[in-house]
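Take a look at the structure set out below.
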Amino acid sequence: MSNQTIQLNDDLYDYLLSVSLKEDEILKSLRMTTSSMPGSRMQIAPDQGQFMAMLIKIMGAEKLIEIGTYTGYSTLVCAMAMKKGQIIALDRDPISTAVARDFWKQAGVDDLIDCRLGDALESLNKIIDDEDGLSSFDFIFIDADKRNYKNYYEIGLKLLKQNGIIIFDNVLWSGAVADLNDQDKNTLALRELNETLYKDNRIELSMIPVGDGLTIVRKKE
Ligand code: CA
């Protein structure tokens, strides 16, 4: 027995999925469609999606923002976890989000999702300016260009309710964040983000080794 987080080899991960993953057919179908598309590694792991869905249900989250939609798996899994409410889904790619829209419609949750194409920082500022979005969102998922994570975070924190959460994807970056010889710009951005969040007294955090690493941040009262 160890007090460290267990290492998952392929067999153990397969086992974990076999006794815990209950993935809806439409989600599975979206995952299969996406696997042959460019950038398919951007898709979140299905167990990660299920974990996020559970958080949404526990919280009763109804106002969500997703930064980085791609083909819409995380959006779909979140929308299916909500009974009512709205997800504002931000992305700049009309091709991948067209796939997303098709699956959202098939799943019958497209009316819960407001997909906005363009620069995400501009879209977030518009939510503050035009819609008086300050301190009104329950849940924000950040999974876009890593070098802007810190900028998304600062605006996201303004949009987030007290006790709301922000989830950052890819915070362990395939392990590269712990390899100080790795000076790639994305690695540096994620390492800096992780250090910044750790020191930030406005929030509490937990870093979870699900998928490529998730940090969950709760905005303090
Ligand atoms: Ca990701």
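The values are calculated or read from the model by the stated rules, or taken from the named source; none is laboratory data. Note that this is a predicted model, so its numbers are computed, not measured. Using ideal geometry, Cβ is built from the backbone for each residue, glycine included, and neighbour counts are taken over all protein chains shown. Surface areas here come from the heavy atoms of the whole protein model, side chains and all, with no ligands, DNA or RNA. Shrake-Rupley method; radii C 1.70, N 1.55, O 1.52, S 1.80 Å.
Points to keep in mind about this one:
- Debye-sum result for the stretch 23-136 in log10 I(q)/I(0), which assumes one identical scatterer on each alpha carbon, at q = 0.10, 0.14, 0.17, 0.20 Å⁻¹: -0.27, -0.54, -0.80, -1.10
- With DNA, RNA and ligands ignored, accessible area of Val210 (1.4 Å probe; Å², nearest 10): 30 Å²
- For Asp119 and Arg147, the difference between the fully extended length at 0.36 nm per residue and the C-alpha to C-alpha distance is 8.7 nm.
- Take the Cα of Gln162, step 7 Å toward its Cβ, do the same at Asn9, and the gap between the two points is 5.0 nm.
- Between the residues Ala107, Ile87, Asn186, the greatest Cα displacement towards the positive end of the dipole of the chain, with unit charges on the Cβ of Lys, Arg, Asp and Glu, is found for Ile87.
- Here the gap between Leu55 and Ser174, fully extended at 0.36 nm per residue and compared with their Cα-Cα distance, gives a gain of 40.5 nm.
- Per-bin percent of Cα-Cα distances, the stretch 1-76 [5 Å]: 3, 13, 19, 21, 20, 14, 7, 3, 0
- The chain - mean residue ellipticity at 222 nm from DSSP helices (-39,500 (n - 2.57) per run, n ≥ 4, rounded to 500): -13500 deg cm²/dmol
- Here's the list of aspartates and glutamates a cross-link from Lys105 could span, going by alpha-carbon distance under 17 Å and ignoring same-chain residues fewer than 8 apart: Asp24, Glu25, Asp114.
- Other residues whose C-beta falls under 14 angstrom from the C-beta of Asn148 contribute a net charge of -3, scoring Lys and Arg +1 and Asp and Glu -1.
- Per-bin percent of Cα-Cα distances, the stretch 130-221 [5 Å]: 3, 15, 25, 25, 17, 9, 5, 2, 0
- Pairs from Lys63/Lys161; Lys146/Lys219; Lys150/Lys199 whose Cα-Cα separation, in the structure shown, is over 18 Å: Lys146/Lys219
- Translational diffusion of the chain, µm² s⁻¹ [Kirkwood Rh, Cα pairs; Stokes-Einstein; 10 °C; 1.306 mPa s]: 89 µm²/s
- Student exercise, the chain dipole from Lys, Arg, Asp, Glu Cβ charges, in Debye to nearest 20: 380 debye
- Distance from the Cα centroid of the stretch 15-49 to that of the stretch 124-144 is 27 Å (rounded to whole angstrom).
- Those residues of the stretch 132-151 whose amide nitrogen sits under 17 Å from the label point placed on Leu188, 7 Å along Cα→Cβ: 146-151
- Anisotropy class of the stretch 78-180 from Cα gyration tensor, a/c 1.5 cut: oblate
- Pairwise centroid distance, computed over Cα atoms, of the stretch 149-172 with the stretch 200-216, Å: 10 Å
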